[in-house]
Amino acid sequence: MVDRQGHIDVEAARTSNSIYESVVGTDQSEFSPETKIDGELLDEPPFISISMHYMEFVRAGLIKPHRGRLSSIRGTSAVITSNGGEESVSDVAAVVLGTGFDASPSLSFLPSSVLETISYSPTHPDLPVALAFHGTHHPVLPTLGFVGFYRAPYWGVMEMQARFVTHLFQEHAEGRASAHSPSLERALAKDDSINRTLALRNDPRCSQFPMGDYAFLMQEFATALDLSISPPAGTTPSLANGKSMDILTPARYIFPGATDAQREQAAQNLKSTHSAAVAGLTGRKYIAAAVFRSLLGEWNLERDLVSKLPSHPSGRFVGTAKFLLRSGTVDGREHKFSTPTSSTDDAPDTGLEYLYIEDGEFTAAGSSMHFRATRRYIWRYDEATDRLSVWFARTDDQARADYLFHDLEFIPPLALAGDAGTSNGQTQQDEGWRAKASHLCIEDLYDVHYEFFFKAVNLREWRLGYSVHGPKKDYAIAGLYRRKNPVT
């Protein structure tokens, strides 16, 4: 296995950027011209950030990104500099510096001689120290170990760092530091982590995670400690590249002297990880959360109503639908949070929700009659139950929820991920993710069906339909939601 982090040349940058574009499903131009990744930007080392709602705020124009660096503040205006010159941003209320975590202060207590030995440099917050074997120790300081000095997905690497440092300390305590095992001796002999760190400190093409990628480091620690990898708890469906998800966790690297209890704990850990992976790849887990995240913003809406009764005219609605994100409220579900609380610290976690606002014009079929139509709902996602729900708005205050309309029940895909397709030759992505629901309103039964079409992780359009039957109702509604163009 080869480490693909550190210095990123142009070819490697283009390869990585193309992979990320495929995973995201866009070059990000659909959110804003400022977030588009193309041209010379594809030659630059990629930087990744993960957020549930940031890009949708950008799409909606609630956040306007500016490409460049903050150079000065003049009164309530900020000056941004870039290759294209200067740009002024007015009416600035506050400046938040997202500098990330700086580990330097947590090391300043060490004696100056130790700091000098480990090449301590507060001016390099990404690489404040230069340590041997992937950030674990320094050969000159046998009783000093480090765990957690690593940038990237970290829990697995931190555990392997801890195992490695424990092994070195044990050898030192037993007087075996000069008689390493052959595997550890080879690992230490070829290790160039210190020189590599010093070289990367001022490298303009240094990667976001310079110390090494996760899979490479897991292998490096396992090889040094003579740990063989156990097979996964089960098979996973093939991914888009035709390969299975061979999940790497510390539980797959068991010490030969592990107790039965430790082995059982590792086995349970692997089963849990495998179950989560299979549920995400083949079932409906995480889909409700993905839909909820993707609804934020404004949609163009076209809806057709076909009625079999003259009392309810057929027609067509054309307008917009907005999903406005806000903190969750207890309206309509007070029974769930009926236990009194003694302070705001004990307040129930209601998560996030949307106020849905629909507005447009309805034109009756076969006539010139048309009128403005609007309605409101509240959409909620419950993380604990992984459930998405829609609630009626109160008539006296349409910003508040009244009572539950329906829960969305997502339907598992017709074919497992990686299969050639479904029974009719279409893939699940072609068909979209389907959900169903029902609502009995006195004597009227609402059968509801949804279909959500994703491009990678982004929801591009979705459909919502109703079939309504009752003593005085017999009609069907079919609506199509498409993204509005980004604000420019």
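Residues that are out of contact with any Leu (no Cβ under 9 Å at 6 or more places or on another chain), among the aliphatic types (A, V, I, L, M) and surrounded by 10 or more Cβ atoms within 10 Å (Cβ to Cβ) within region 90-110 comprise Val92, Ala103, listed in sequence order.
The C-beta contact set for region 266-277 (first residue under 13 Å from Ser230 (Cβ atoms), second residue surrounded by fewer than 14 Cβ atoms within 10 Å (Cβ to Cβ), distance under 7 angstrom, 6+ apart or interchain) comprises His274/Gly234.
Screening His7 on (1) at pLDDT below 90; (2) closer than 19 Å to Phe209 by Cβ shows it passes everything except condition (1).
Does at least one position in region 184-200 carry a residue that is assigned by TED's automatic domain parsing to the domain that holds Leu227 and in contact with a Cys (Cβ under 6 Å, 6 or more places away or on another chain)? Looking for residues that are assigned by TED's automatic domain parsing to the domain that holds Leu227 and in contact with a Cys (Cβ under 6 Å, 6 or more places away or on another chain), one finds at least one in region 184-200, hence yes.
Condition check ((1) in the same structural domain as Pro33 (by TED's automatic domain parsing); (2) more than 27 Å from Ser121 (Cβ to Cβ); (3) of a type in the set (Asp, Glu); (4) in contact (Cβ under 8 Å) with a residue 24 or more places away in the chain) across all residues:
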{"site": "Gly68", "(1), (2), (3), (4)": "yes, no, no, no"}
{"site": "Ser71", "(1), (2), (3), (4)": "yes, no, no, no"}
{"site": "Gly75", "(1), (2), (3), (4)": "yes, yes, no, no"}
{"site": "Gly84", "(1), (2), (3), (4)": "yes, yes, no, no"}
{"site": "Val96", "(1), (2), (3), (4)": "no, no, no, no"}
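If we scan region 21-35, do we find a residue that is assigned to a strand (DSSP E or B) and either modelled with pLDDT of 90 or more or loosely packed, with under 11 Cβ neighbours inside 10 Å (or both)? No, region 21-35 contains no residue that is assigned to a strand (DSSP E or B) and either modelled with pLDDT of 90 or more or loosely packed, with under 11 Cβ neighbours inside 10 Å (or both). Consider only pairs whose beta carbons are under 6 Å apart and that are at least six residues apart or on different chains; among these, list those whose first residue lies in region 317-330 and is in contact (Cβ under 8 Å) with a residue 40 or more places away in the chain and whose second residue is part of a loop (DSSP other than H, G, I, E, B) and among the polar types (S, T, N, Q). Sorted first by the residue in region 317-330, then by its partner, the pairs are Gly328/Thr350.
Close contacts from region 449-473, counting a first residue that is without any contact (Cβ under 8 Å) to a residue 60 or more places away in the chain and polar (S, T, N, Q) and a second that is surrounded by fewer than 16 Cβ atoms within 10 Å (Cβ to Cβ) and in a strand (DSSP E or B), with Cβ to Cβ under 6 Å and a gap of 6+ residues or different chains, come to Ser467/Asp447. Might you check whether a residue that is of a type in the set (S, T, N, Q) and touching a helix residue (DSSP H, G or I) at 6+ places or on another chain (Cβ under 6 Å) occurs anywhere in region 161-178? No: zero hits. When Ala199, Ala187, Ala233, Ala222 are checked against the criterion of being farther than 30 Å from Ala279 by Cα and buried (at least 18 other Cβ atoms within 10 Å of the Cβ), a single residue qualifies: Ala187. Somewhere in region 293-313, is a residue out of contact with any strand residue (DSSP E or B) (no Cβ under 9 Å at 6 or more places or on another chain) and not assigned by TED's automatic domain parsing to the domain that holds Ala233? Within region 293-313, one or more residues are out of contact with any strand residue (DSSP E or B) (no Cβ under 9 Å at 6 or more places or on another chain) and not assigned by TED's automatic domain parsing to the domain that holds Ala233.
Yes/no per residue for (1) assigned by TED's automatic domain parsing to the domain that holds Ala173; (2) touching a His at 6+ places or on another chain (Cβ under 7 Å); (3) without any contact (Cβ under 8 Å) to a residue 40 or more places away in the chain; (4) crowded, with 17+ Cβ neighbours inside 10 Å:
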| residue | (1), (2), (3), (4) |
| --- | --- |
| Thr117 | yes, yes, yes, yes |
| Pro122 | yes, no, yes, no |
| Ala132 | yes, yes, no, yes |
| Thr136 | yes, no, yes, yes |
| Phe146 | yes, yes, yes, yes |
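Rundown of residues vs (1) farther than 29 Å from Ala251 by Cα; (2) of a type in the set (A, V, I, L, M); (3) touching a Gly at 6+ places or on another chain (Cβ under 7 Å), yes/no style:
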| residue | (1), (2), (3) |
| --- | --- |
| Thr99 | yes, no, no |
| Ser106 | yes, no, no |
| Ser112 | yes, no, no |
| Glu116 | yes, no, no |
| Ser121 | yes, no, no |
| Leu127 | no, yes, no |
| Ala130 | no, yes, no |
| Phe133 | no, no, no |
| Phe149 | no, no, yes |
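Every listed requirement among (1) farther than 20 Å from Asn202 by Cβ; (2) among the hydroxyl-bearing types (Ser, Thr, Tyr); (3) modelled with pLDDT of 95 or more is met by Tyr154 save one, (3). Residue count for region 354-365 satisfying the condition of being out of contact with any Gly (no Cβ under 7 Å at 6 or more places or on another chain) and in contact (Cβ under 8 Å) with a residue 40 or more places away in the chain: 2. Val2 falls short of the stated requirement of being in a helix (DSSP H, G or I), at pLDDT below 90 and not assigned by TED's automatic domain parsing to the domain that holds Ala215.
For Ser51, state whether it is without any contact (Cβ under 8 Å) to a residue 60 or more places away in the chain and either part of a helix (DSSP H, G or I) or within 26 Å of Phe323 (Cβ to Cβ) (or both).
Against the criterion (without any contact (Cβ under 8 Å) to a residue 60 or more places away in the chain and either part of a helix (DSSP H, G or I) or within 26 Å of Phe323 (Cβ to Cβ) (or both)), Ser51 qualifies.
Is it fair to say Asp203 is touching a Phe, Trp or Tyr at 6+ places or on another chain (Cβ under 6 Å), touching a residue at least 24 places away in the same chain (Cβ under 8 Å) and under 28 Å from Glu116 (Cβ atoms)?
Details: touching a Phe, Trp or Tyr at 6+ places or on another chain (Cβ under 6 Å): no; touching a residue at least 24 places away in the same chain (Cβ under 8 Å): yes; under 28 Å from Glu116 (Cβ atoms): yes.
When the stated conditions are applied, Asp203 does not pass them.
Filtered by the rule that a residue be surrounded by fewer than 13 Cβ atoms within 10 Å (Cβ to Cβ) and either among the acidic types (Asp, Glu) or farther than 27 Å from Gln5 by Cα (or both), region 148-171 gives a lone residue, Gln170.
The values are calculated or read from the model by the stated rules, or taken from the named source; none is laboratory data. None of these values were measured; they are calculated from a predicted model. As a convention, Cβ positions derive from the backbone with ideal geometry for all residues, glycine included, and neighbour counts pool all protein chains shown.
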